[in-house]
Amino acid sequence: MKALPENAAIVVLGVSIVTFALLHVISSSPGRAVLGLRATPPAVAAFNRAHGYDDPIWVQYWHSLLQNLHGDLGYSYKLNQSVNALLAETAGRSALLTGASLVVAILVGGWGSGSAGVITILALAGAVVVTVSGSYPSQLFDVTMGLNRWCYRVLTYAALMRDDYPPFRFDGGGSDPGNPPAQDELPLAA
């Protein structure tokens, strides 16, 4: 089936409707969320009326859709500035970090099923070692899993558009409680 621009527009419109509805279910009174719990009911009502939050939900959605289509992404009451200004302030840094993360993740993890990144090569090397020797070298496992965890950190970073870059380290995570203790961890007999 051929993907059509109309299908994409319908999907984007549907996602925007569902997202808008969910935001209204989560926070039924934006005035209460912005002004805080100590705000008086008349103050909350005045805020909602001044910003159009007392209109029917379909009217609010229509106004929001028109604003977004004209490039106005709204206002952050938490940071006290427009969302457009916030994006302009951090767009360059976020784009640079996201692009660099993507390049490194592709080099380390590979691109799609037809390419081999470092993780794939290490896993194949581990499979050969297991076939020949019967055991998987723990250092190779630690490096492979460390790279894999780091790729997932980068993916999460890029998806959440965070400014704090994930650390590059090969932490093995916590110990598995099901593993028997290593020889050097066994208690000495008295």
Do we find a residue being over 26 Å from residue 159 (Cα atoms) and within 28 Å of the chain's Cα centre (by Cα) anywhere in the range 38-55? no
Mind telling me which of the residues 28, 64, 76 ends up being crowded, with 16+ Cβ neighbours inside 10 Å and hydroxyl-bearing (Ser, Thr, Tyr)? 64
Any pair with Cβ under 9 angstrom, 6 or more apart, that starts in the range 142-157 at a residue that is farther than 18 Å from residue 97 by Cα and among the aromatic types (Phe, Trp, Tyr) and ends at one that is modelled with pLDDT under 75 and assigned to a helix (DSSP H, G or I): none
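Looking at residue 91, is it aliphatic (A, V, I, L, M) and under 29 Å from residue 14 (Cβ atoms)? Can you show your working first?
Values: aliphatic (A, V, I, L, M): yes; under 29 Å from residue 14 (Cβ atoms): yes.
Criteria met by residue 91.
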Of the numbered conditions (1) in contact (Cβ under 8 Å) with a residue 12 or more places away in the chain; (2) not in a loop (DSSP other than H, G, I, E, B), residue 6 fails exactly one; give the number of that condition. (1)
Read through the list (1) touching a Ser or Thr at 6+ places or on another chain (Cβ under 9 Å); (2) touching a residue at least 12 places away in the same chain (Cβ under 8 Å); (3) over 18 Å from residue 23 (Cα atoms), then give the number of the only condition that residue 43 fails. (1)
Could you tell me whether residue 77 is touching a helix residue (DSSP H, G or I) at 6+ places or on another chain (Cβ under 7 Å) and at pLDDT 80 or above? yes
Breaking point among (1) under 30 Å from residue 152 (Cα atoms); (2) in contact with a Lys or Arg (Cβ under 7 Å, 6 or more places away or on another chain), for residue 102: (2)
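The values are calculated or read from the model by the stated rules, or taken from the named source; none is laboratory data. Predicted model, so just to flag it, every value in this text is computed and none were measured. Positions of Cβ are generated from backbone atoms using ideal geometry, with glycine treated the same way; all protein chains shown enter the neighbour counts.
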